[in-house]
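Accompanying notes for the structure given below.
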Amino acid sequence: MGSIDNRLAALAGSHVFLTGGAGLIGRQVRAQLLEAGASVSVLDNLSAADRDTYALCGVNLDSPDLAVGSVHDTRLVAEHIARADYVVHAAAHSTVAGCLADPDTAFASNIAGTETVLRAAARSPRLKRLVFLSSAQVYGHGSASRTHEQVFTEDAPAQPLNLYASAKLWGEAQTRFLLNHAGVDYTVLRPFSVYGPGQIPKPKAFNWAIAQLSMYAAIGDPLPLNHGGRQVRDFLHVTDAATGILHALTAPAASRQTLNLGAGRTTSIRQVAEMIQGHFPHAKITDGASSAQDPLGGRADITAMAEALGWEPKMTVADGIADFVTWLHDTPAAIPGWLREEGGAQRLAAWRAVDDTARAARS
Ligand SMILES: NC(=O)c1ccc[n+]([C@@H]2O[C@H](COP(=O)([O-])OP(=O)(O)OC[C@H]3O[C@@H](n4cnc5c(N)ncnc54)[C@H](O)[C@@H]3O)[C@@H](O)[C@H]2O)c1
């Protein structure tokens with residue numbers, strides 16, 4: 001974040017309760033809050049990775065400010081919120097594939113856990129604001145165009161396509177309902193594709209293009225591009241995501257708003273691959289599955305976000321990829337064993353098999 005923005009001065013001396021604070025976004029939010037002079041207590045059940053991986057990503061598992069536990073532990077959550085001036089609720093079973101694979105955990109963490117946090121927040125006389133991290137997944141595919149990029153404004157219809165997204169949509173509605181009723185201030189944020197150091201791909205999760213393709217390149221595997229890499233995403237570097245979250249805690253105009261959190265520009269997966277190739281000149285870009293049915297993707301309209309937060313993301317995707325690659329060079333152990341073992345040829349075959357199945361289903 002560099003020098004502290006004066007508009008974040010309200011955070012100095014305050015206490016922030018951060019759920020999911022050991023995760024990708026939470027770690028950066030915690031670091032920036034400390035830099036802004038706040039004290040932070042983290043509640044995280046460390047379910048997103050093994051302990052070695054958390055340690056590799058800079059989480060001090062012995063920190064007295066880290067409570068290892070779940071957001072559906074009513075007593076623990078109530079104790080933390082009673083001491084907090086602000087809450088950032090970032091804990092979630094946080095991937096679409098993870099929620100599909102384990103809907104019970106998704107339900108417990110993303111719905112029951114969110115209810116626990118919101119109820120405790122609604123009872124707090126000292127809370128200044130709660131920020132709930134929803135997701136751009138609530139928009140689904142928009143109009144699902146295969147030829148036109150989507151621009152998602154906050155009033156676009158919600159079309160959640162999976163449990164992860166529908167739980168986020170429910171969390172948004174419940175935040176508004178419970179906290180409006182209790183007179184407690186809140187902001188709902190819908191992050192787009194957040195990436196950055198410490199993002200470690202999970203098996204069968206194909207949505208973290210920058211991390212995945214960088215790791216393939218680092219181990220000398222080809223970079224397979226689905227549908228020629230035409231698909232676009234709104235990539236937001238994790239430092240920008242965290243700064244946006246800090247502004248959402250403090251900006252007066254963000255009160256009771258639901259806002260996109262994105263960079264407001266699209267980058268195609270091919271452009272990402274080519275930028276990664278700039279760091280690994282030996283890396284070969286190959287054709288993966290064609291998946292002609294996949295929508296092109298899109299970006300956030302950040303007009304409302306910029307106006308309410310008085311802030312816009314700073315980092316270009318090229319700089320963000322350079323930052324990720326530097327971290328990867330310094331932290332080669334972050335490349336998961338399964339990703340190394342999978343091998344380029346096997347990966348390509350698996351992607352093509354998915355594509356063949358999709359084609360057969362269409363014919
Ligand atoms: N990364 C993205 O691109 C992105 C995009 C949109 C929304 N979000 C949302 O932002 C938030 C943070 O995402 P992230 O990328 O840092 O994910 P992450 O998986 O890295 O971090 C989430 C953290 O929450 C913790 N957690 C999960 N269930 C918990 C429970 N029951 N109790 C306590 N802690 C629990 C996990 O252990 C993990 O450390 C999530 O709510 C996610 O859904 C992320």
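Brief remarks follow.
- When segment 30-45 is filtered for residues that are part of a loop (DSSP other than H, G, I, E, B) and either more than 14 Å from the ligand (Cβ to nearest atom) or among the hydroxyl-bearing types (S, T, Y) (or both), the ones remaining, listed by number, are A36, G37, A38.
- Candidate set: segment 213-254, residues that are modelled with pLDDT of 95 or more and of a type in the set (S, T, N, Q); chosen: the one nearest to V194 (Cα to Cα): T239
- Of all residues in segment 165-180, none satisfies the criterion of being touching a Leu at 6+ places or on another chain (Cβ under 8 Å) and of a type in the set (K, R).
- Pairs, first within 16 Å of T74 (Cα to Cα) in segment 102-113, second in a helix (DSSP H, G or I) and within 11 Å of the ligand (Cβ to nearest atom), C-beta under 6 Å, six or more apart: N110/A167; I111/A167
- Pair list, Cβ < 7 Å and 6+ apart or interchain, from segment 169-189 residues that are at negative phi and at pLDDT below 95 to residues that are buried (at least 21 other Cβ atoms within 10 Å of the Cβ) and not acidic (D, E): none
- Counted residues, segment 64-89 - those being aliphatic (A, V, I, L, M), within 11 Å of the ligand (Cβ to nearest atom) and buried (at least 22 other Cβ atoms within 10 Å of the Cβ): 3
- Of the residues making up segment 128-148, one or more are in contact (Cβ under 8 Å) with a residue 12 or more places away in the chain, in a loop (DSSP other than H, G, I, E, B) and surrounded by 23 or more Cβ atoms within 10 Å (Cβ to Cβ).
- Here the condition is being outside any helix (DSSP H, G or I), near the ligand (Cβ under 9 Å from one of its atoms), surrounded by 22 or more Cβ atoms within 10 Å (Cβ to Cβ) and touching a residue at least 24 places away in the same chain (Cβ under 8 Å); of V59, V16, it holds for V59 alone.
Residue by residue, here is whether (1) surrounded by 24 or more Cβ atoms within 10 Å (Cβ to Cβ); (2) assigned to a helix (DSSP H, G or I); (3) on the phi < 0 side of the Ramachandran plot; (4) more than 14 Å from the ligand (Cβ to nearest atom) holds:
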residue	(1), (2), (3), (4)
A10	no, yes, yes, yes
Q28	yes, yes, yes, no
S47	no, no, yes, no
A91	yes, no, yes, no
I111	no, yes, yes, no
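The values are calculated or read from the model by the stated rules, or taken from the named source; none is laboratory data. All values derive from a computational prediction rather than experimental measurement. No Cβ is skipped: glycine too gets one built from the backbone with ideal geometry, and neighbour counts run over all protein chains shown.
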